[in-house]
Amino acid sequence: MTVQAQPAAGGRGVERSDAPSPGVHRDPDRESGQAPIRSWRLFSPDILRLILRRVAIAIPTAVLASIGIFVLIRLVPGGPAIAILGVHATKASIAALNHQLGLDRPFVDQYLHWLGQAVQGNLGQSLQTQQAVSHVIAESFPVSAELVGLALLFTVVVALPVGVTAARRADGRTDRLLRTASGLGLAIPDFFLAIILIAVFGIAAHLLPELGFVPFGQNPASNLDHMILPSLSMGLGAGAIVVRQVRAAMMDVLAEPHIRTARAMGLPERTVVWRYALRTALPTILNVYGLLIVGMFGATLIIEEVFVLPGLGNALVNGVQQRDYTLVQGVTIVYVLLVLVVNLLVDIAVALASPRLTEQ
Amino acid sequence: MSARSTLMDSASDLKVGERATNKLSRPRHRDRHWSVGMIVSVVVLVGLLAASVLAPVIAPDSPISQNLLQRNAGPSLQHLLGTDYYGRDVLSRLLWGGRSAFLGVLLSLAVGMVLGVPWGLVAGYWPRIAGSILMRLADALLAFPALVLAVVVTGILGPGLVTSMTSVGIVFAPVFARLMRVGVLEVREREFVLSARLSGCKTRVLLLRHLLPAALGPVVVQATIFGGLAFIVEGGLSFLGLGVQPPAPSWGGDLALAYQYILNSPGQVVAPGALIAVVVLCTYRIGDWLRSRLTLQIRPSRGAEAPEIIT
């Protein structure tokens with residue numbers, strides 16, 4: 001319900017087009033049940049073309065988004081100088097600081113200069129701590145990535161199979177129970193869920209550490225201990241989405257003729273569901289995951305605040321609260337790149353999972 | 001064909017329960033009619049809205065008057081839900097907090113619609129140049145994780161309920177624009193639009209009287225679902241200290257305060273968090289029902305749904 005991945009994305013509309021991609025063998029009806037439906041080829045011309053096209057679309061988007069951020073930050077009432085020096089600053093000191101920050105130059109100059117530096121990995125200095133922004137990002141990004149990665153792992157290992165099970169028993173008691181549970185999972189805000197988990201597992205039961213972060217390199221076991229609750233509080237909500245979406249996608253697929261054929265041929269139900277149906281539903285599911293990953297990186301803003309994790313989201317929230325504009329600018333650009341990369345990877349994965357969509 | 005019939009449906013009347021004559025869509029009978037859950041959702045939501053609107057009248061106490069001698073008190077006749085860390089009446093704070101929650105959500109939806117609907121209308125009607133420029137802009141906005149954009153824009157506008165929920169509306173706008181555009185692109189090819197155009201209908205009238213209502217259905221459904229999401233985001237932004245500014249009451253802000261002192265009195269976190277969850281649950285439920293009622297097939301284009309899963 002939260003993500004509307006209707007089958008169109010996964011290829012319902014194109015499903016029946018009888019134009020197999022070059023070099024791809026697909027014709028499930030003719031295959032014996034056990035043979036692989038198709039071979040996975042990463043560097044076929046189709047895929048390369050797709051990558052090139054997506055990159056060609058992504059670059060202007062990234063530039064436009066970075067211009068947007070640049071403009072926005074310069075729209076701050078009074079500009080960053082007032083934010084740094086306070087409202088009582090003299091005109092002379094504001095002018096001096098603006099000059100020092102390069103804010104008195106023409107906008108296009110500033111942007112091109114910034115872009116030139118950014119491409120080389122220099123995103124400027126934090127206004128508050130004087131640290132290089134790229135350094136802050138390099139320090140904090142792995143924390144967020146670990147958090148999102150673990151939450152994602154949870155949704156794949158737990159929520160995905162649950163969604164498939166729900167689809168198999170559509171409208172049965174299990175299904176209804178799961179639907180209610182996932183409805184709840186969608187509605188409970190993740191920060192509230194996080195607090196509940198902290199109260200139950202951390203404070204009441206003393207099972208897990210509540211707050212803080214231990215670098216993986218320092219103590220892997222303790223690092224994971226500290227990551228369980230944060231990733232769980234993100235993964236449960238995301239899992240609810242996965243359950244619903246996978247259920248819907250699988251129900252669509254299970255009603256298709258090729259599944260009926262597979263069943264009629266006497267294949268074990270397990271093979272039919274987990275192998276043939278799931279594979280057909282895979283493009284849709286991958287698209288859901290693309291949206292989910294982006295959403296999770298957004299959610300790190302709040303979850304990292306709750307658990308006091310020194311991640312990218314925390315850096316951004318602190319930057320916004322302390323009006324550290326260079327930091328905000330740099331971190332935001334990283335988020336934009338992250339989204340574009342995730343989208344690209346998902347597009348490639350979808351193309352690999354369903355060759356007939358490649359040319360769409 | 002499905003898209004056609006559904007668009008017709010939504011165009012003709014939002015309230016009418018006539019189903020799209022679409023044999024391909026699997027009927028979900030349980031969702032289509034007024035179920036118990038649906039009635040409960042509407043009643044709860046309307047009740048909470050009424051209680052929030054009437055907060056100045058029915059709240060037993062001022063939401064910000066402190067009584068430091070009575071901190072973290074349990075429920076009593078004087079304070080039905082007890083008092084918080086500063087000795088303020090919890091029930092009164094929740095009621096007043098509901099005001100800002102409902103207000104903020106409506107504000108964000110209004111901003112999103114006011115920006116997004118004309119955006120999509122223009123982009124759909126003049127798809128070549130204006131459309132591609134406008135949609136590029138939408139792509140750029142959708143390249144941010146929604147919460148990141150909301151937080152950054154709030155940081156620039158300055159924290160507060162109005163600024164934070166306005167920026168949430170800005171996040172919603174490109175999604176509405178996309179849905180609107182898809183609808184307009186579909187509808188503008190239909191006969192009634194053609195005949196209106198042939199009979200010399202002015203562009204403005206064509207856009208506002210013919211295309212707008214016909215393409216608005218999916219946007220309305222999306223807005224309902226975004227309404228639920230907006231409650232979560234409002235709570236989240238207030239939780240981060242970017243929304244409603246303390247000591248003014250808000251569910252998210254009260255949750256943050258209760259969380260800060262969770263070791264002193266863990267029970268305080270329950271009420272504000274649970275209220276958000278209940279409101280969101282009811283709103284989603286209504287959105288779901290609306291969607292299945294209209295048998296809408298909202299086309300997924302990547303990113304169009306991205307902001308739906310931001311928290």
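The values are calculated or read from the model by the stated rules, or taken from the named source; none is laboratory data. Source: prediction; values computed, not measured. When we count neighbours, we look across all protein chains shown, and the Cβ atoms used for this are built from the backbone with ideal geometry, even at glycine.
Does A:Asp46 meet the test of being modelled with pLDDT of 85 or more, more than 30 Å from A:Ser233 (Cα to Cα) and either loosely packed, with under 12 Cβ neighbours inside 10 Å or in contact with a helix residue (DSSP H, G or I) (Cβ under 9 Å, 6 or more places away or on another chain) (or both)?
no
Please go through (1) more than 8 Å from chain B (Cβ to nearest Cβ); (2) in a helix (DSSP H, G or I); (3) over 28 Å from A:Pro283 (Cα atoms) for A:Val317 and return the number of the only condition it doesn't satisfy.
Answer for A:Val317: the failing condition is (1).
I need the full set of residues from the stretch B:230-257 which are farther than 16 Å from B:Leu48 by Cβ and either charged (D, E, K, R) or more than 8 Å from chain A (Cβ to nearest Cβ) (or both), in order please.
Passing the criteria: B:Val233, B:Leu237, B:Ser238, B:Gly243, B:Val244, B:Gln245, B:Pro246, B:Pro247, B:Ala248, B:Gly253, B:Ala256, B:Leu257.
In the stretch A:271-302, how many residues are of a type in the set (A, V, I, L, M, F, W, C), at the interface with another protein chain (Cβ under 9 Å from one of its Cβ atoms) and closer than 27 Å to A:His135 by Cβ?
Total satisfying the criteria: 6.
For the stretch A:117-173, name all the residues that are within 20 Å of A:Gly330 (Cα to Cα), out of contact with any Ser or Thr (no Cβ under 9 Å at 6 or more places or on another chain) and assigned to a loop (DSSP other than H, G, I, E, B).
Scanning the stretch A:117-173 gives A:Gln120, A:Gln128, A:Thr129, A:Gln130, A:Gln131.
Would you confirm, using the coordinates I've provided, whether A:Val253 is of a type in the set (A, V, I, L, M, F, W, C), free of Cβ contacts under 8 Å to residues at least 60 places away in the same chain, touching a helix residue (DSSP H, G or I) at 6+ places or on another chain (Cβ under 6 Å) and outside any loop (DSSP other than H, G, I, E, B)?
It is true that A:Val253 is of a type in the set (A, V, I, L, M, F, W, C), free of Cβ contacts under 8 Å to residues at least 60 places away in the same chain, touching a helix residue (DSSP H, G or I) at 6+ places or on another chain (Cβ under 6 Å) and outside any loop (DSSP other than H, G, I, E, B).
Among A:Gln117, A:Gln128, which is among the polar types (S, T, N, Q) and closer than 21 Å to B:Ile156 by Cβ?
None of the others qualify; the one that does is A:Gln128.
Pull out all pairs, ordered by first then second residue, where Cβ-Cβ is under 6 Å, the residues are six or more apart or on different chains, the first lies in the stretch A:230-246 and is charged (D, E, K, R), and the second is crowded, with 24+ Cβ neighbours inside 10 Å.
A:Arg244/A:Ser182
Among the residues of the stretch B:58-72, is there at least one that is farther than 17 Å from B:Val105 by Cα, in a helix (DSSP H, G or I) and modelled with pLDDT under 90?
yes
Checking A:Tyr335 against (1) in a helix (DSSP H, G or I); (2) within 11 Å of chain B (Cβ to nearest Cβ); (3) surrounded by fewer than 24 Cβ atoms within 10 Å (Cβ to Cβ), only one condition comes out false. Which one?
It is condition (3) that A:Tyr335 fails.
Let me spell it out: the conditions are (1) crowded, with 23+ Cβ neighbours inside 10 Å; (2) of a type outside the set (A, V, I, L, M, F, W, C); (3) over 23 Å from the mean Cα position of the chain (by Cα), and B:Tyr125 meets all of them except one. Which number is the exception?
That leaves (1) as the condition not met.
Against the condition touching a Pro at 6+ places or on another chain (Cβ under 9 Å), within 16 Å of A:Phe154 (Cα to Cα), within 13 Å of chain B (Cβ to nearest Cβ) and at pLDDT 90 or above, how does A:Ala194 come out, does it pass?
Yes; evaluated as a whole, the condition is true for this residue.
With the checklist (1) surrounded by fewer than 20 Cβ atoms within 10 Å (Cβ to Cβ); (2) not in a helix (DSSP H, G or I) in hand, flag the one item A:Ile259 doesn't pass.
Among (1) surrounded by fewer than 20 Cβ atoms within 10 Å (Cβ to Cβ); (2) not in a helix (DSSP H, G or I), the lone unmet condition for A:Ile259 is (2).
Looking at the stretch A:199-222, is at least one residue of a type in the set (A, V, I, L, M), in contact (Cβ under 8 Å) with a residue 40 or more places away in the chain, within 14 Å of chain B (Cβ to nearest Cβ) and closer than 23 Å to A:Tyr289 by Cβ?
Checking the stretch A:199-222: not a single residue is of a type in the set (A, V, I, L, M), in contact (Cβ under 8 Å) with a residue 40 or more places away in the chain, within 14 Å of chain B (Cβ to nearest Cβ) and closer than 23 Å to A:Tyr289 by Cβ.
Search the stretch A:105-136 for residues being surrounded by fewer than 19 Cβ atoms within 10 Å (Cβ to Cβ) and within 20 Å of A:Val339 (Cβ to Cβ), and hand back the single one that is modelled with the highest pLDDT.
Looking at residues that are surrounded by fewer than 19 Cβ atoms within 10 Å (Cβ to Cβ) and within 20 Å of A:Val339 (Cβ to Cβ), I get A:Ser134.
Within the stretch B:81-90, does at least one residue satisfy the condition of being in a helix (DSSP H, G or I), crowded, with 23+ Cβ neighbours inside 10 Å and not charged (D, E, K, R)?
yes
Any idea which of (1) under 30 Å from A:Val306 (Cβ atoms); (2) among the polar types (S, T, N, Q); (3) in a helix (DSSP H, G or I) is the one B:Ser195 doesn't satisfy?
Here B:Ser195 clears every test but (1).
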